[in-house]
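The values are calculated or read from the model by the stated rules, or taken from the named source; none is laboratory data. Fair warning: this is a prediction, and the values are worked out from it, not measured in the lab. Cβ placement follows ideal geometry from the backbone for every residue including glycine, while neighbour counts extend to all protein chains displayed. When the accessible area is computed, the model is the full protein with side chains, heavy atoms only, and any ligands, DNA or RNA have been set aside. Shrake-Rupley method; radii C 1.70, N 1.55, O 1.52, S 1.80 Å.
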Amino acid sequence: MIDLLLGLQWGDEGKGKIVDVLTKNYDIIARFQGGPNAGHTLIFDGNKHVLHTIPSGIFHKRAINIVGNGVVIDPVIFKKELDNLSSYNIDFKTKLLISRKAHIILPTHRLLDAASEKMKGKLKIGSTLKGIGPTYMDKTGRNGLRIGDLEMSNWNERYKALTKKHLNMLKFYEVELDFDLEALEKEFSHTVEILKELTFIDSEEYINQALSNGKSILAEGAQGSLLDVDFGTYPFVTSSNTTAAGACTGLGVAPNKIGDVFGIFKAYTTRVGSGPFPTELFDADGAEMAKVGHEFGATTGRPRRCGWLDLIALKYAVQINGVTQLMMMKGDVLSGFDTLKACTSYNYKGDDIFHFPYNIEEDNVKVNYTEFEGWQEDLTAMTEAGQLPKNLNDYIAFIEDFVGVKVSIVSVGPDRKQTIMV
Ligand code: GDP
Ligand code: IMO
Ligand code: MG
């Protein structure tokens, strides 16, 4: 069976940390969508690592890590990630396998991303500017270049043709963009050569063989359900399906092969980039979450917007993904609040509603909150469920009851060890 691990909010729930914690139970860890817009943080033995494209199982001796067909790869960023791991003596050739069907982010995809955002002005998505949107557009537009194309004899011509097309497209954007294409291309071709030293596979074949042979696989999601291109807060979303269905298309596994679906959420909510966020706080409580939670983007360093937990949104994400187990992250950040709030219904154009509506812009949606008594205890040194304060347990019980799924992990700090199995 293949288990899935997905973010249920707007990303940065702590997926990297939990994949790292769970990897010991799996033979294979596989990323299935997104690309270097992701930033997955792992902390262990006093060291911190941020992974963008490489799956978060890479530090474990045994597991094979696969970059699936649904992922988009920027060779330049990929090489940086490899360099950052150089002191770990990882045998990348055998432990890190890349799907031939994964699409490649070209330097001009990044330029198109920048031009598009610049032209949108105030309405910009707040993209990480890694070229994600333009690369997925070329994929669905049937113009993209894939990892397997690097092994074909006409790679150079195809690269040149697509780049030429992109440069023409750039002229349509009425914005000034400063760039040195020659330098970008030099860096790109150099890093493509390094990428070619890794192992490319027909990953859907590899993964289905592994499943037939009884191997266990964990699929690692990127971003979160509210950034899903279909079900998120469109157009303020990313360009891939971040939800459970994305794992089927992004790895080539059938729905009946899926076992558990682990849904990860923060005890509060964060969002980086633009777009609606009904429970967002602009007061001292929000500032406290940002400060204690160190809420800065792992990829761009931008401050993350913070707010209360939104249980309507969480329930929506649980439903779309078929979540079987919940994992609650960063409960430690809420220690010290006298009162906590969670959104338990919206007022949508004057009526109270209990589902996630088409549009959650401020004009349409007001939040109805339920209040909870906070806890004062520092959770960060706790190691067992029995130590957790009563008010935290009550908060968790309410969430479980509201969304209809049990919490199996409570994370009480960023370190691998600060993880309580319930
Ligand atoms: P991801 O994108 O879902 O992997 O999450 P990120 O790595 O972008 O962001 C999560 C941040 O929270 C990282 O800085 C983690 O080190 C940190 N983190 C993860 N779990 C916890 C936790 O339980 N408590 C605290 N305080 N920090 C955590
Ligand atoms: P992880 O995997 C949080 C957000 C961006 C922007 C929108 C579109 O670390 O949880 P894109 O670069 O995809 O065009 O950006 O999506 N975004 C993320 N926010 N965590 C992420 O990944 C994100 N990846 C993209 O901030 O609002
Ligand atoms: Mg992140």
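Surface exposure of the range 324-422, expressed per residue as accessible area with a 1.4 Å probe, stands at 51 Å².
Rolling a 1.4 Å probe over the protein heavy atoms gives the range 233-275 an accessible area of 29 Å² per residue. Each listed q (0.09, 0.14 Å⁻¹) maps to a log10 I(q)/I(0) for the chain from the Debye sum over equal C-alpha point scatterers, namely -0.55, -1.30.
Each residue of the range 209-219 was assigned a 3J(HN,Hα) from its phi angle through the Karplus expression (A = 6.51, B = -1.76, C = 1.60, θ = phi - 60°), giving 4, 4, 5, 4, 8, x, 6, 9, 10, 10, 8 Hz with x at Gly and Pro. Which parts of the range 30-72 would a label at LEU85 reach, counting a residue when its backbone N lies under 14 Å from a point 7 Å out along Cα-to-Cβ? From the range 30-72, the list is 30-31, 40-42, 49-68.
Coupling constants for the range 148-154 follow from the phi torsions by the Karplus curve (6.51 cos²θ - 1.76 cosθ + 1.60, θ = phi - 60°), and in residue order they are x, 5, 5, 8, 9, 6, 9 Hz; glycine and proline get x.
I need to check one value: relative contact order of the range 1-105, counting alpha carbon pairs closer than 8 Å and at least 6 residues apart, in percent. For the range 1-105, the relative contact order is 26 percent.
Note on the range 33-93: the alpha carbon radius of gyration divided by the globular reference 2.2 N^0.38 Å gives 1.08.
Extension gain, LYS349 to ASN47, is 103.9 nm, computed as 0.36 nm per intervening residue step minus the present C-alpha separation.
For the chain, the share of accessible area belonging to carbon and sulfur comes to 52 percent (1.4 Å probe, ligands and nucleic acids excluded). Mind running the shape call on the range 177-257? Use the C-alpha gyration tensor, a ≥ b ≥ c as the square roots of the eigenvalues: rounded below 1.5 for a/c, prolate if a/b tops b/c, oblate otherwise. Judged from the Cα gyration tensor, the range 177-257 comes out oblate (a/c at least 1.5, b/c at or above a/b). Using a ≥ b ≥ c from the Cα gyration tensor of the range 310-354 (square roots of the eigenvalues), is it rounded, prolate or oblate, where a/c under 1.5 gives rounded and otherwise the larger of a/b and b/c decides, a/b for prolate? In terms of gyration-tensor shape, oblate. Rounded to the nearest 20, the Cβ-based charge dipole of the range 5-137 about its Cα centre (Lys and Arg +1, Asp and Glu -1) stands at 220 debye.
The residue among ALA219, VAL407, HIS103 whose Cα reaches farthest toward the positive pole of the charge dipole of the chain, with charges on the beta-carbon of Lys, Arg, Asp and Glu, is HIS103. The base-10 log of I(q)/I(0) for the range 1-47, evaluated at q = 0.17, 0.21, 0.29 Å⁻¹, reads -0.56, -0.84, -1.34 [Debye formula, identical scatterers on Cα atoms, solvent excluded]. For the range 164-172, the Karplus equation 6.51 cos²θ - 1.76 cosθ + 1.60, evaluated at θ = phi - 60°, returns couplings of 4, 4, 4, 5, 5, 4, 4, 5, 6 Hz by residue, with Gly and Pro reported as x.
The magnitude of the dipole of the range 305-422, with charges of +1 and -1 set on the Cβ of Lys/Arg and Asp/Glu and taken from the Cα centre, is near 360 debye. The convex hull built on the alpha-carbon positions of the range 155-307 has an orientation-averaged projected area of 13.9 nm². Among beta bridges from DSSP that stay inside the chain, the antiparallel ones total about 40%.
FRET efficiency for the LYS165 to HIS190 pair, using the beta carbon distance and R₀ = 22 Å, is estimated at 0.45.
Dipole of the chain computed with +1 at Lys/Arg Cβ and -1 at Asp/Glu Cβ about the Cα centre; of THR279, THR238, THR383, farthest Cα towards the positive end is THR238.
Find the centroid of the Cα atoms in the range 1-58 and in the range 240-290, then give the distance between the two in whole Å. For the range 1-58 versus the range 240-290, the Cα centre distance is 13 Å. Listed by chain and number, the lysines whose alpha-carbon sits under 28 Å from that of LYS215, ignoring those within fewer than 8 places in the same chain, are LYS15, LYS17, LYS24, LYS61, LYS93, LYS95, LYS101, LYS196, LYS257, LYS406, LYS417.
Residues MET119, MET382, MET1, sorted by accessible area with the largest first, give MET1, MET119, MET382 [1.4 Å probe; ligands and nucleic acids excluded].
Dipole check for the chain: with +1 at the C-beta of Lys and Arg, -1 at the C-beta of Asp and Glu, and the Cα centre as origin, the magnitude is about 1160 Debye.
Modelled spin labels at SER216 and PHE179, positioned 7 Å past Cα toward Cβ, are 4.4 nm from each other.
Spacing of the modelled spin labels on PHE172 and HIS294, each 7 Å from Cα toward Cβ, amounts to 4.3 nm. Picking from LEU334, ALA115, ILE90, whose Cα lies most toward the positive end of the charge dipole for the chain (charges on Cβ: Lys, Arg +1; Asp, Glu -1)? Looking along the dipole axis, the top candidate is ILE90. With all protein chains kept in place, the per residue accessible area of the range 91-220 amounts to 55 square angstrom at a probe of 1.4 angstrom.
Remark on THR279: its backbone amide H falls under 5 Å from none of the residues 5 or more positions apart or on other chains, H modelled at 1.01 Å from N.
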